[in-house]
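*Asks:* Got a structure for you, written out below as structure tokens; questions coming shortly.
The values are calculated or read from the model by the stated rules, or taken from the named source; none is laboratory data. Note that the coordinates shown come from a computational prediction; the quantities given were computed from them, not determined experimentally. No Cβ is skipped: glycine too gets one built from the backbone with ideal geometry, and neighbour counts run over all protein chains shown. We work out accessible area using only protein heavy atoms, side chains counted, and drop any ligands, DNA or RNA first. Shrake-Rupley method; radii C 1.70, N 1.55, O 1.52, S 1.80 Å.
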Amino acid sequence: MSSRPALSLALDAYVEARRSAELATRAELRLSETEVRALLRIRERPGIRPSELRDHLGVTSAGVTTLVDRLVERGLVRRELDTADRRMNHIHLEVDLDAVPWSRLDRFTRDLDGAVDAEPASTTDDFAETLHRIIRAAQGPR
């Protein structure tokens with residue numbers, strides 16, 4: 001039996017369940033973690049510029065170019081020239097991330113959100129507040 005608090009163990013279980021779901025989906029779709037993060041961000045911001053994607057992912061300009069090239073070659077995204085400034089381009093999805101198999105990319109999050117929604121809001125709101133307070137305390141002053 002562990003001497004760690006039950007909440008710490010539950011958070012470890014959450015992290016492991018999420019990680020396992022993401023690894024299985026990435027392996028099935030043959031995508032890297034960065035590619036998944038890029039696709040999900042492009043869904044959030046259709047027409048995102050490469051520089052915005054670079055900043056979000058924390059990669060270099062060359063890294064985002066290589067990443068987008070790979071995604072274009074696989075038919076997952078397309079580049080469109082900016083009509084006002086032809087030096088710029090915008091990135092759009094070519095796949096529907098809400099349709100199978102792509103919907104598996106964030107299925108765990110959607111399923112978790114559904115399970116949270118099924119609980120009383122007062123319980124989940126109190127838990128969220130407590131969890132945020134615990135995380136801040138664990139991070140402490142840096």
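*Asks:* Which whole-Hz ³J(HN,Hα) couplings does segment 76-85 yield from phi under the Karplus relation 6.51 cos²θ - 1.76 cosθ + 1.60, θ = phi - 60°, glycine and proline marked x?
*Replies:* Rounded to whole hertz, the list is 8, 9, 9, 9, 10, 5, 6, 5, 8, 9.
*Asks:* Based on Cα positions only, what radius of gyration and what Dmax would you give for segment 53-95, in angstroms?
*Replies:* 10.7, 28
*Asks:* Also, I was wondering about something else. How much accessible area per residue does the chain have, counting only protein heavy atoms and a probe of 1.4 Å, in square angstrom?
*Replies:* About 68 Å² of surface per residue is accessible.
*Asks:* Another one. Over all alpha-carbon pairs in segment 86-142, figure out the percentage whose distance exceeds 14 Å.
*Replies:* 74 percent
*Asks:* Tell me, what is the FRET efficiency for S8 and D85 to the nearest 0.05, using R0 = 41 angstrom and their Cβ-Cβ distance as r?
*Replies:* Here the calculated transfer efficiency is 0.20.
*Asks:* How many percent of the alpha carbon pairs in segment 22-95 exceed a separation of 16 Å?
*Replies:* Pairs farther apart than 16 Å: 45 percent.
*Asks:* Rounded to two decimal places and with Rh computed the Kirkwood way over Cα pairs, what is Rg over Rh for the chain?
*Replies:* 1.07
*Asks:* Something else about it: Do you know the relative contact order of the chain, to the nearest whole percent, from alpha carbon pairs under 8 angstrom that are 6+ apart?
*Replies:* The value is 20 percent.
*Asks:* While we're on this one: Which whole-angstrom value gives the distance between the alpha carbon centres of segment 1-68 and segment 84-142?
*Replies:* 11 Å
*Asks:* Expressed as a whole percentage, what fraction of the accessible surface of the chain belongs to carbon and sulfur atoms when a 1.4 Å probe is rolled over the protein heavy atoms?
*Replies:* Percent of accessible area from carbon and sulfur atoms in the chain: 53.
*Asks:* Could you run the Karplus curve 6.51 cos²θ - 1.76 cosθ + 1.60 with θ = phi - 60° over segment 104-121 and give me ³J(HN,Hα) per residue in whole Hz, x for Gly and Pro?
*Replies:* 5, 4, 10, 4, 4, 4, 5, 5, 5, 4, x, 5, 5, 4, 6, 8, x, 4
*Asks:* In a Gaussian network model over the chain where Cα atoms closer than 10 Å are linked, find which of E52, E129, E22 has the largest mean-square fluctuation.
*Replies:* E129
*Asks:* Once amide H atoms are placed 1.01 Å from N in the peptide plane, what residues at a sequence separation of 5 or more from V77, or on another chain, have their amide H within under 5 Å of its amide H?
*Replies:* Correct list: V72, E94.
*Asks:* Please list the non-local residues whose amide H lies under 5 Å from the amide H of I48, H modeled 1.01 Å from N, same-chain partners needing a gap of 5 or more.
*Replies:* Amide H neighbours of I48: I91.
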